[in-house]
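See structure below.
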Amino acid sequence: MRYATIVLTWDDQPVHPLDDVFARSDAISVEAIRYVSPAYEGRYVELLELAGDLESARTLLADAPGVIEYDVAGDGGRGVAYVQCRTAGLVDDLLAILREHEIVLEWPMSSVDSHDARGLKLTVVGTSQAIQRAAADLPDGIDLALERLGEYEPTAGQLSGLLTERQQELLEVAVREGYYEVPRETTHRELAEQLEVAPGTVSEHLQRIEAKLIGAALE
């Protein structure tokens, strides 16, 4: 059994209908798609991980033409949106390809930016042949970049999958620089300089990362 972590980008259209809605605002962004599922009569239900001003997210969802019903939960600049919508756009096309080739998708899918294109980072599991056939079946206009490929281990990625791409990046830097060594070999300020963010942002993100990972480990 194999796994592949890939980044898919589209240069001529949004990956997801709501991606374009949130892209018009600097106050809110979609960090990850936690789940997408067909509901009925062409409707879809989704869970989106958001970062930023959640009130702005509510306003954008209320005005979005494709949204039927929604709810937003969270505080402190991070939250999750439950959305019923009329289409999942290219995300649904991707899920159809995975179903056809009997590929398992590991949720969530993370939103990424690549130059002028937006896209998704995802990990899939299946046989080598099935993964290759699914990759060959992608529609024209979709670019695929392979990040990792290897033998699938059932326990791999269970904790890291809880984190957004930005959180994973910060955690990797913190570990590499010795933040979790005893005694510590780096500080919030030094990490912030590497990542070009404020020290307070590093502190807040590390607290959120640790809360997620410790909570998952206890469960």
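The values are calculated or read from the model by the stated rules, or taken from the named source; none is laboratory data. Note that the structure is a prediction, hence the values are computed from the model and not measured. Cβ placement follows ideal geometry from the backbone for every residue including glycine, while neighbour counts extend to all protein chains displayed. Keep in mind that these areas ignore ligands, DNA and RNA; they rest on the heavy atoms of the full protein, side chains included. Shrake-Rupley method; radii C 1.70, N 1.55, O 1.52, S 1.80 Å.
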Of A73, A4, A57, which residue is part of a strand (DSSP E or B) and surrounded by 14 or more Cβ atoms within 10 Å (Cβ to Cβ)?
A4
Meets criteria (within 21 Å of D143 (Cβ to Cβ), among the acidic types (D, E) and open to solvent by 30 Å² or more (accessible area, probe 1.4 Å)) for E100
yes
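I'm trying to understand the selection: among the residues of the stretch 76-91, which are within 14 Å of L18 (Cα to Cα), part of a loop (DSSP other than H, G, I, E, B) and either of a type in the set (S, T, Y) or free of Cβ contacts under 8 Å to residues at least 40 places away in the same chain (or both)?
If the condition is that a residue be within 14 Å of L18 (Cα to Cα), part of a loop (DSSP other than H, G, I, E, B) and either of a type in the set (S, T, Y) or free of Cβ contacts under 8 Å to residues at least 40 places away in the same chain (or both), then T87 is the only one that fits.
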Of everything in the stretch 190-203, what is in a helix (DSSP H, G or I), open to solvent by 60 Å² or more (accessible area, probe 1.4 Å) and without any contact (Cβ under 8 Å) to a residue 12 or more places away in the chain? Give them in sequence order.
E193
Restricting to the stretch 35-52, what's the tally of residues that are surrounded by fewer than 16 Cβ atoms within 10 Å (Cβ to Cβ) and touching a residue at least 12 places away in the same chain (Cβ under 8 Å)?
5
Condition first: under 19 Å from the mean Cα position of the chain (by Cα) and part of a loop (DSSP other than H, G, I, E, B). Now tell me which residues in the stretch 92-108 satisfy that.
I103
I'd like to know if the stretch 16-28 contains one or more residues that are under 23 Å from Q167 (Cα atoms), open to solvent by less than 10 Å² (accessible area, probe 1.4 Å) and either assigned to a strand (DSSP E or B) or touching a Lys or Arg at 6+ places or on another chain (Cβ under 6 Å) (or both).
yes
